[in-house]
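A short worksheet on the structure shown next.
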Amino acid sequence: MSFTDSDPSGEEAFSSSVVLEQPAAAPESLLASADMPPQRQITEEIGQLHAEAARREAAGDEVPATLYDFAPYRSSILRHPTKNPRLVDPETIELFSPAFGERDIAAIERDLTLQHSGEPLGERITITGRVLDSWGRPLPNQLVEIWQANAAGRYIHQRDQHPAPLDPNFTGAGRTITNDRGEYFFTTIKPGPYPWKNHINAWRPAHVHFSLFGVAFTQRIVTQMYFPGDPLFPLDPIYNTIRDQKDRDRLIATYDHDLTVPEFSMGYRWDIVVDGPDATWFEPEGSH
Ligand SMILES: [Fe+2]
C-alpha cells in the first residue's frame, strides 16, 4: 500500500522516489514577492526599535511591554490596535457571550494524540503548568485551549499552504480545565517551525497557541508558548514585539526531566500568570 492510498486527506503525498532524490522546490505561489525585505533588514529593524524603546524608558517615558506599532511585523502594520481598549459592561456582555462548565469538557480533549484512529507523527510531549493570579494564587476551573501546527510545521487550516505534509492523525486543537491547584495538563506532539511570508525566509519559532477564558468572556487572553533554545527567537518579529527579554522569557517553557515519561514523552513546564482581581475589588488599607 502506498502513502497516497492511506491518506484520507486527499493531499498529494511524497512518493518514496521523491524523498530519496531532490526535495521538491516550493511552488511559485509560495515564493516571496520582489518587494519583501530580507531577514537581515527585519533583524536590524528589531534591534533599532528595541534600542529606541530602551532609550525612551531610560528617559522616563512609559513604554508598554508589547510594542504594537512594530514595523518588522509587516502584516500587523495596518491592523494593530491604535487606541486604548474600550471598557465594556461585564454584566451586559455576559448575557450574550459563550459560557462553559466543567461538564462540557471531556478528559480526553487534553490529549491531542488520541483524536484519530492512529497516532500522530512527531516528538510526543506533555505540557503542564499552573494558572496563577498576580499574587501567585492558583486559579482553578479555568478553561485552557490550545492549537498548533503538526510536527512538520503545517496547520490543518485551509489557508496554510506551507508545502509540508498534513498528518491524518493530528488535528492540533485541545482543551482542558484547571484543577483545584490551578494545574493544566496536555499531551501532544512538538510542533515544527513554519514559514509565514512576513519577509523573505520568514520562519516562526515552534510554538503552541494558548487561550485562557478567565471567569467571563471579557477576560479571555490569548498567547503563545515557545520551546527553549529555539534558534529562531532573535529573528522573529512577533516574539520580539515584546521588548524586554525577561517578558519574552516568560513565554518559553522549561524542559523538565522529571516530567519526561520513560519510553513515552518529553516533559515541558509552563506557568501562566494572569492579572489578579481588578482594582474595584481591592480594598485599600485604612478603608472602611
Ligand atoms: Fe501559529
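How long is the gain from Val274 to Ile108 if the chain were fully straight, where each residue apart is worth 0.36 nm and the alpha carbon distance is subtracted?
Separation in residues times 0.36 nm, less the Cα-Cα distance, equals 57.2 nm.
Kindly put Lys246, Lys190, Lys83 in sequence by how many other C-beta atoms sit within 10 Å of each C-beta, fewest to most. Present the calculation step by step, with values, prior to reporting the outcome.
Details: Lys246 8, Lys190 19, Lys83 5.
Neighbour counts put them in this order, fewest first: Lys83, Lys246, Lys190.
Based on the mean of other beta carbon atoms within 10 Å per residue, what is the order of 41-53, 57-69, 256-268, most packed first?
41-53, 256-268, 57-69
So what is Rg over Rh here for the range 204-253, counting just Cα atoms and using Kirkwood for Rh?
Here the Rg-to-Rh quotient is 1.03.
For Asn179 and Thr82, what is the calculated FRET efficiency with R₀ set at 45 Å and r taken between the beta-carbons, to the nearest 0.05?
Numbers: r = 40 Å, r/R0 = 0.88.
After rounding, the FRET efficiency stands at 0.70.
Remind me, what semi-axes does the range 142-240 give for its equivalent ellipsoid, largest first in whole Å, using sqrt of 5 times each Cα gyration tensor eigenvalue? If you can, show how the numbers build up before the last one.
Working: eigenvalues 130, 54, 33 Å².
Each semi-axis is √(5λ); the values are 25, 16, 13 Å.
Taking 7 Å along the Cα-to-C-beta vector as the label spot, tell me the Lys246-Ser75 distance in nanometres, rounded to one decimal.
Spacing of the two 7 Å Cα→Cβ label points: 3.2 nm.
Put a dot 7 Å past each Cα toward the Cβ at Gln41 and Ile200; how far apart are the dots in nm?
The answer from the label model is 0.9 nm.
Run the simple label-point estimate for Tyr68 and Leu121 please: 7 Å along Cα→C-beta, distance reported in nm.
4.2
Each value in this text was obtained by applying a stated rule to the coordinates, not by laboratory testing. Remember, predicted model here, so these are calculated numbers, not experimental data. Here the Cβ is made from the backbone with ideal geometry for all residues, glycine too, and neighbour counts use every protein chain on show.
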